[in-house]
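> Here's a structure for you.
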Amino acid sequence: MSKLRLGVNIDHVATIRNARGGHFPDPVRAAKLAVAAGADGITAHLREDRRHISDHDIKRLAREIPLPLNLEMAATEEMLEIALCHKPNACCLVPERREELTTEGGLDVASARGHLGPYVKALKGKGIRVSMFIDPDKAQLDAAAEIGADIVELHTGAYCDAMGAARGTALARIAESVEYGAALGLEIHAGHGLSFETVGEIAALQGIVELNIGHFLVGEAIFTGLESSIRQMRVLMDEARGIARSDASDAKSA
Ligand code: PXP
């Protein structure tokens, strides 16, 4: 059984900080806590409107956090310059609309190959792995592979929002995309909207290498603390992978 990596997204620690301005709570402190709680990577989205993570946060995360940094960003010249300056381990290209509450859908790679291709080349040229946040769709997977992405992150939002039979359909779509994308040579990640309730079925898909989870973990932290919410997520991921609890706690302390 392969261990599934957990990327902890700390954007919403910055959302709370920004609600009042000032410095508290500090997302970099949250990232350090995530390291201690067994995260395998830190994810942060530098949005064009800077509604949560700031440029200074990215600079500090790149310098102070020992884990791989996954920088989510829109494919714009401004963001490319920032990424090339801080050289995160990976950049995940995401669609961005200013009026949206969160990243509502995947990137339409199939329609924007010409625009996205040079970003992939520029980032990879500096040794940064490139990921594309896409809906679980074969045409998008084909396009991502074609323009040289290393990774695709499959959008799990529709699955998490679905009820009843629709959830099964959404899960089947993700499962099919995991197989299809892996056969194209893409590393498969997944994320968006995952919670204690929804993570199990996604984590059980063996072809997925990494999950990126944020909003639920930060929300749950209000009640149980961030370290506890991350540890509990880790346990659920390991259980879904069929990794025994004792192995899971070994993995945490390693
Ligand atoms: N992956 C990507 C590409 C995202 O844009 C987000 C949301 O910022 C996440 C993962 C994490 O989603 P959530 O905060 O709902 O767990």
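Where a number appears in this text, it was derived from the coordinates with a stated rule and is not lab data. What you see is a predicted model; the values in this text were computed from it and never measured. Positions of Cβ are backbone-derived with ideal geometry, glycine not excepted, and every protein chain shown enters the neighbour counts.
> Kindly check whether there is at least one residue in the stretch 73-95 that is crowded, with 21+ Cβ neighbours inside 10 Å and more than 30 Å from Leu141 (Cα to Cα).
Looking for residues that are crowded, with 21+ Cβ neighbours inside 10 Å and more than 30 Å from Leu141 (Cα to Cα), one finds none in the stretch 73-95, hence no.
> Could you list all residues from the stretch 126-139 that are assigned to a loop (DSSP other than H, G, I, E, B) and either within 13 Å of Leu154 (Cα to Cα) or of a type in the set (A, V, I, L, M) (or both)?
Ile128, Asp135, Pro136, Asp137
> Which is within 16 Å of the ligand (Cβ to nearest atom) and farther than 20 Å from Val94 by Cα, of Asp11, Asp49, Asp26, Asp40?
None of the other options fit; the residue is Asp40.
> Out of Lys59, Lys3, I need the residue that is more than 16 Å from the ligand (Cβ to nearest atom), surrounded by fewer than 18 Cβ atoms within 10 Å (Cβ to Cβ) and within 17 Å of Pro88 (Cβ to Cβ). Which one?
Answer to the selection: Lys59.
> Continuing with this model, one more query. Quick one: which of Asn70, Asn18 is of a type outside the set (Lys, Arg) and more than 12 Å from the ligand (Cβ to nearest atom)?
Asn18
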